[in-house]
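J.: Attaching a single structure in structure tokens format; questions to follow.
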């Protein structure tokens with residue numbers, strides 16, 4: 001028995017009347033109801049943190065690439081501290097992963113500090 005037969009049940013046949021056609025407006029509405037979006041960002045300078053902060057305040061999750069910044073640069077520490085403050089304000093979480101990524105989450109989303117095995 002194929003997967004579609006299992007999904008559709010023993011009858012296994014459907015007509016076009018069994019389906020609802022969705023418009024692009026319906027899809028946009030569904031995305032809006034999903035609640036959270038995962039954003040990928042790149043931080044090259046301090047001003048690049050602003051859209052990240054806005055996204056987290058809006059309830060979104062951000063993974064930011066910081067490889068273009070020198071780890072010894074004080075700008076990195078200022079950016080990380082600024083994003084930590086945002087995470088605290090929204091009751092989210094933040095993790096600096098190595099020297100290449102910052103992960104920051106919105107309200108109620110925690111990041112595990114343990115790797116899955």
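Read-outs throughout are calculated quantities, based only on the coordinates presented, and are distinct from any laboratory measurement. Model, not experiment: these values are computed from the prediction. Here the Cβ is made from the backbone with ideal geometry for all residues, glycine too, and neighbour counts use every protein chain on show.
J.: With a Förster radius of 30 Å, plug the Cβ-Cβ distance of residue 67 and residue 111 into 1/(1 + (r/R0)^6) and report the FRET value to the nearest 0.05.
T.: Efficiency, rounded to the nearest 0.05: 0.95.
J.: How big is the stretch 67-117 by the Kirkwood estimate over distinct Cα pairs, in Å?
T.: After inverting the pairwise mean of 1/r, the radius is 11.8 Å.
J.: Expressed in nm to one decimal, what extension gain is obtained for the pair residue 89 and residue 44 from 0.36 nm per residue of sequence separation less their Cα-Cα distance?
T.: Length difference between fully extended and current span is 13.8 nm.
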